[in-house]
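The values are calculated or read from the model by the stated rules, or taken from the named source; none is laboratory data. Every value quoted in this text rests on a predicted model; they were computed, and no experiment measured them. Virtual Cβ from ideal backbone geometry, glycine too; neighbours counted across all protein chains shown.
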Amino acid sequence: MVTSSPRTAGISPQNVKKNRYKNIIPYNSTRVLLQRDHKKNQSDYINASYVKGYATDELYIASQAPSDRIINDFVRMIWEQRVDRVVMLTNLTEEGKKKCSRYWPVDGEEEFGDVSARLLTTHVFAEYTIRHLRLSKNGEPTRLVTQFHFTAWPDKSVPESPWGLVDFQQRVMAVPGSGPVLVHCSAGVGRTGTFIGLCNLLKEAEATGKMDFRSVLWKLRQDRMHTIQTAEQYAFLHKMALVGHMTGGTTFKVKDMYQRLAPLESDQDGATSSVSYRQEFEALLKTCDTTTVKFRRSVEEPAESVYQNISSVTTIRSKDRLSNIVPNERYRAVLRAETQHDDTYINAVLVPNLTKDGQDLLTQLPLPSTVTDFWRLVTQFNVGLVVAFDLDSTDSDDTIGEFLPKSETEPFENERYVVESRQKIGNSLVSVVTLTVHQKAVKILDRLNIRNKQTLTLLVCKSKLLDPECALELHKKIKSCKRGGKSRVVYMCRNGADNSGLMCVHSILLDRLEADQCLTVPLVVGSIKAIRPQVIPTYDQYKCLYSVLKLAHESQNVYGNVGDMEKEEAPAEDLSKQTKVPALPDSRRTSIYSEIGQSSEGTTKCNVTVTALVTETTGPLGSLSHPDLAQGTIWKRDFLCDHSRALPKLF
């Protein structure tokens, strides 16, 4: 899609070196003009474009990332355009190449031309970082800027799943602003265009009940060339739009928790409430089913169809307790072979915690044949804490292998490991055991490897997690047992998904409750189900997540640290004044959720069109490497058909 708008300003001799890429030049008609200052040799050119939002009063600036040559111009643009929200979608360096120059101070204050920037706070989450900055210039009133930095989006590609990026988008839109939103990646077209496209689609869905993907793409490219760069990004936009629409309004502010969770009081069995968490859960399951890659195997299905990158198929087939709970290859914890007879497989997946992606693990209780593999996992991934459920069924379940010491005087020992226990402390909720793991000398590729001993903590959980008080106390115990708060945690239960997955999600939500102003349950659950689809399989577990959050808020009066800075140093975040993604009225949310899956003419359009489109554009198993995408046929077909997707009525 090409517009005939001229681009003479960007290709003029005095400006051409200010462009990061010679084929990405802003149109004259939409480019951002800086204030000229001939005395300081400051021109009006920067490679940035105004991009219209869906509503007439919405405006974005799509920009390339600053280079060292233009970094002062970039900060000058933030000041002159009165930008108070910056969305950064690239990392400073990617694949060994510099993609962006740092335009904020690491600590304290730094000058960028005439504008000084002071870093107030930095809050790091698994997939994004939030920075609060204060800008000042020549005695003028200072201005506050919030930078939202998404750190998990590969250049010219897409994230692993849509959940984290939709969470990020809702977090950005939850902060009200008076100026345009500045969005940049490296070139300011691919990731930048996809993000702005998502914002516009969700706004259109809110206003009209439809999402016209083709029109959004066309309008973006009228304002800036090459926005949404690849077919893969365009297909991913459909997934994000589906997730964003079905979870719209579920991001809430911690201070509004009492109002948000009030329906729990009336949402008992057989009762109805203005907002049905059951309907929210059912909508979440349907959305997950559409957007998540499945790895399920029947008894007759060959293991090769699941473990495409694993050679020891015969051996691996015996390492899964349940054939329908197997790791997604994208998130599988890969073991390192320590002997020539070792394979790399264990039924375990890497999951995020609050601040780091892939930090923790979900796994099944070891089978008799996988005990050594479990201790390989613990030692190779430097695990500091093991949270174990279902150990009380060890005596009656012969599929659970013996892997723990029987007492302080009876260590566990096999051909490769000796595990000793000490300092056992217990109560009716949990037992805390200190373990020391010794690895025996083993021959690795003709050389001897002897490891030092490793000490870790084992929490043997005895209570039922559906009791909110027990779940909250267990979370406190987990936090107290982490070494400096940075220990890698293994959550394990019989099937590697049920109790272990529930506790993993509890921990993420409770940590976020303490660290951030905003919270969203469906998007956090969806992000973990994208990794392990069997996590949170029942409504009772889903409702328990809200109950535990409510109890934590009541008992601890926990408020997010992101906004708890001094008033003169922190931008206010008032969700009641947000202009981009207002919380859905209860009646509207109930209507959306109740319509999913029904067969009437007015309610199936979302399922049949948007959901079907997501499935269509992602190919078998949701793989974004489907041949149709590689050949660009779906990309081309989009301009030959009507892609106005009807959604359920919103009011």
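The single residue among Arg336, Arg321, Arg330 that is modelled with pLDDT of 90 or more, under 28 Å from the mean Cα position of the chain (by Cα), more than 30 Å from Thr122 (Cα to Cα) and in a loop (DSSP other than H, G, I, E, B) turns out to be Arg336. Within the range 377-403, being of a type outside the set (S, T, N, Q) and farther than 21 Å from Asn452 by Cβ holds for Val387, Ala388, Phe389, Asp390, Leu391, Asp392, Asp395, Asp397, Asp398, Ile400, Gly401, Glu402. Checking each residue in the range 74-90 for being part of a loop (DSSP other than H, G, I, E, B), more than 13 Å from Gln64 (Cα to Cα) and not acidic (Asp, Glu) picks out Gln81, Arg82, Val83.
The set of residues in the range 82-117 being buried (at least 20 other Cβ atoms within 10 Å of the Cβ), in contact with a strand residue (DSSP E or B) (Cβ under 7 Å, 6 or more places away or on another chain) and of a type outside the set (A, V, I, L, M, F, W, C) consists of Asp84, Arg85, Tyr103. Only one entry in Leu362, Leu350 is outside the structural domain of Glu160 (by TED's automatic domain parsing), at pLDDT 95 or above, outside any loop (DSSP other than H, G, I, E, B) and crowded, with 23+ Cβ neighbours inside 10 Å, namely Leu362. Out of the residues in the range 371-419 that are in contact with a Lys or Arg (Cβ under 9 Å, 6 or more places away or on another chain) and of a type in the set (Phe, Trp, Tyr), state the one that is farthest from Asn353 (Cα to Cα). So the residue we want is Phe412.
When Ser63, Ser5, Ser67 are checked against the criterion of being surrounded by fewer than 16 Cβ atoms within 10 Å (Cβ to Cβ) and in contact (Cβ under 8 Å) with a residue 12 or more places away in the chain, Ser5 stands alone in meeting it. Residue-level check: of (1) in contact with a helix residue (DSSP H, G or I) (Cβ under 8 Å, 6 or more places away or on another chain); (2) surrounded by fewer than 19 Cβ atoms within 10 Å (Cβ to Cβ); (3) closer than 23 Å to Gln423 by Cα, Val383 misses just (2). Here Cys470 passes the criteria (1) crowded, with 16+ Cβ neighbours inside 10 Å; (2) under 23 Å from Thr355 (Cβ atoms) except the one numbered (2). Determine whether Leu198 is part of a helix (DSSP H, G or I) and without any contact (Cβ under 8 Å) to a residue 60 or more places away in the chain. In short, yes. Please specify each residue of the range 1-19 satisfying the condition of being closer than 24 Å to Trp218 by Cα and either at pLDDT 95 or above or not charged (D, E, K, R) (or both). Met1, Val2, Thr3, Ser4, Ser5, Pro6, Thr8, Ala9, Gly10, Ile11, Asn19 - these are the residues of the range 1-19 that are closer than 24 Å to Trp218 by Cα and either at pLDDT 95 or above or not charged (D, E, K, R) (or both).
Scanning the range 41-59 for residues that are in contact (Cβ under 8 Å) with a residue 12 or more places away in the chain and over 39 Å from the mean Cα position of the chain (by Cα) yields Gln42, Ser43. Look at Leu513 and say whether it is out of contact with any Pro (no Cβ under 9 Å at 6 or more places or on another chain), in a helix (DSSP H, G or I) and surrounded by fewer than 24 Cβ atoms within 10 Å (Cβ to Cβ). Here the answer is yes, as Leu513 does meet what is asked. Count of the range 201-231 residues, restricted to those that are under 28 Å from Pro66 (Cα atoms), touching a strand residue (DSSP E or B) at 6+ places or on another chain (Cβ under 9 Å) and buried (at least 24 other Cβ atoms within 10 Å of the Cβ), is 4. Among (1) assigned to a loop (DSSP other than H, G, I, E, B); (2) among the hydrophobic types (A, V, I, L, M, F, W, C); (3) buried (at least 16 other Cβ atoms within 10 Å of the Cβ), which single condition is Ala55 missing? Only one criterion is unmet by Ala55, namely (3). Being touching a residue at least 24 places away in the same chain (Cβ under 8 Å), assigned to a helix (DSSP H, G or I) and more than 23 Å from the chain's Cα centre (by Cα): is that true of Gln222 here? Judged against the criteria, Gln222 is a match. Looking at the range 281-294, which of its residues are at pLDDT 90 or above and acidic (Asp, Glu)? Listed by number, the list holds a single entry, Glu282. Only one of the listed residues (Met492, Met503) is closer than 23 Å to Cys288 by Cβ, outside any helix (DSSP H, G or I), of a type in the set (A, V, I, L, M, F, W, C) and touching a residue at least 60 places away in the same chain (Cβ under 8 Å). That residue is Met492. Just one of the numbered conditions (1) modelled with pLDDT of 95 or more; (2) under 18 Å from Ser186 (Cα atoms); (3) of a type outside the set (A, V, I, L, M, F, W, C) is not true of Asn28: (2). Scanning the range 134-153 for residues that are of a type in the set (Lys, Arg) and assigned to a strand (DSSP E or B) returns Arg134, Arg143. The residue of the range 486-497 that is surrounded by the most Cβ atoms within 10 Å (Cβ to Cβ), among those that are of a type outside the set (A, V, I, L, M, F, W, C) and in contact with a helix residue (DSSP H, G or I) (Cβ under 8 Å, 6 or more places away or on another chain), is Tyr491. Among residues of the range 31-52 being of a type in the set (Lys, Arg) and under 24 Å from Lys219 (Cα atoms), the one that is surrounded by the fewest Cβ atoms within 10 Å (Cβ to Cβ) is Lys52.
Listed here are the residues, each with its yes/no results for (1) under 27 Å from Thr370 (Cβ atoms); (2) in the same structural domain as Trp375 (by TED's automatic domain parsing); (3) out of contact with any Cys (no Cβ under 6 Å at 6 or more places or on another chain); (4) at pLDDT 95 or above.
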{"residue": "Cys470", "(1), (2), (3), (4)": "no, yes, yes, no"}
{"residue": "Met503", "(1), (2), (3), (4)": "yes, no, yes, yes"}
{"residue": "Leu519", "(1), (2), (3), (4)": "no, no, yes, no"}
{"residue": "Val524", "(1), (2), (3), (4)": "no, no, yes, yes"}
{"residue": "Ile531", "(1), (2), (3), (4)": "yes, no, yes, yes"}
{"residue": "Ile536", "(1), (2), (3), (4)": "yes, no, yes, yes"}
{"residue": "Tyr542", "(1), (2), (3), (4)": "no, no, yes, yes"}
{"residue": "Ser547", "(1), (2), (3), (4)": "no, no, yes, no"}
